[in-house]
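Working notes, beginning with the structure itself.
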């Protein structure tokens, strides 16, 4: 009985000591976390000073996502014997020059993805990887500063696809106006004099025109998080049917060294592309479609996967 009592007391004392030790450790962790936060603030402040220095700033980050699967005799689905896969990646790159009187900002965005579905019971099906997302955008902005936050500027921006129908259509915007940079990470371009060149074999649908160009670009790095959002709009003076806009967003969170998790999504509205699809590329083309009777549906894409910071 005495041995049992002593053993019980020993267990109680050990548990109490462990609890005390855990509380002490947590108490010690608090100030250390505060110290880490304070150090990070100082590092961020130094990084802001570094970013404000004149000269070239070059960088890139991207996202890679993919999956493979195979089914054999999986009769609960419509295609019981198949192999499938998808693969996609996004790259965002920039090269920016900042000087006392002027700046020159260059950016490129590439987003490609492929998918395959091989029906083992159908020898005539297409078992190759087919492109599903195809986005390419490159821009160059030059500005002469009138004040620290406002400059007269000239912009060249080119957008197209590269896997299918390269430069068909392709869009080239050339224009002049003003650029506002209220904070170092945000650039707002307003060019009331802009010409939107459209290159396409479908000349009866696609048409170039004069209009206004608006671009808003926000690029930021918060510790291990990289974020980029870009909105590019063209408002045609000739007809709203020739107007278009594209909004792309990229997030990347670094988990280990240069590897992390990335998420990208994009939205687009382009009535010329919609009409071209309905007339020529839809499963059941509508020969009577016009700008006036089509439903200009919102175009979207997204990718989730591993990311690599260059």
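The values are calculated or read from the model by the stated rules, or taken from the named source; none is laboratory data. Model, not experiment: these values are computed from the prediction. FYI the Cβ positions are ideal-geometry reconstructions off the backbone, even for glycines, and counts take in every protein chain you see.
Scanning segment 199-214 for residues that are surrounded by 19 or more Cβ atoms within 10 Å (Cβ to Cβ) and touching a strand residue (DSSP E or B) at 6+ places or on another chain (Cβ under 7 Å) gives 206, 211, 213. From the list 140, 128, the one residue that fits, being more than 25 Å from residue 276 (Cα to Cα), at pLDDT below 90 and touching a strand residue (DSSP E or B) at 6+ places or on another chain (Cβ under 8 Å), is 128. Can you confirm whether segment 270-289 contains a residue that is under 17 Å from residue 245 (Cβ atoms), in a loop (DSSP other than H, G, I, E, B), modelled with pLDDT of 90 or more and over 17 Å from the mean Cα position of the chain (by Cα)? For segment 270-289, residues under 17 Å from residue 245 (Cβ atoms), in a loop (DSSP other than H, G, I, E, B), modelled with pLDDT of 90 or more and over 17 Å from the mean Cα position of the chain (by Cα): absent.
Residue-by-condition table, conditions (1) assigned to a strand (DSSP E or B); (2) farther than 17 Å from residue 152 by Cα; (3) touching a residue at least 60 places away in the same chain (Cβ under 8 Å); (4) over 27 Å from the mean Cα position of the chain (by Cα):
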| residue | (1), (2), (3), (4) |
| --- | --- |
| 180 | yes, no, no, no |
| 188 | yes, no, no, no |
| 193 | yes, no, no, yes |
| 198 | yes, yes, yes, no |
| 204 | no, yes, no, yes |
| 213 | yes, no, no, no |
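Screening segment 215-239 for residues that are out of contact with any strand residue (DSSP E or B) (no Cβ under 7 Å at 6 or more places or on another chain) and part of a strand (DSSP E or B) and picking the one that is nearest to residue 269 (Cα to Cα) gives 221.
Restricting attention to segment 166-178, the residues that are over 22 Å from the mean Cα position of the chain (by Cα) and either within 23 Å of residue 271 (Cβ to Cβ) or surrounded by fewer than 16 Cβ atoms within 10 Å (Cβ to Cβ) (or both) total 5. If the condition is being farther than 20 Å from residue 138 by Cβ and buried (at least 18 other Cβ atoms within 10 Å of the Cβ), then segment 228-238 contributes only 236.
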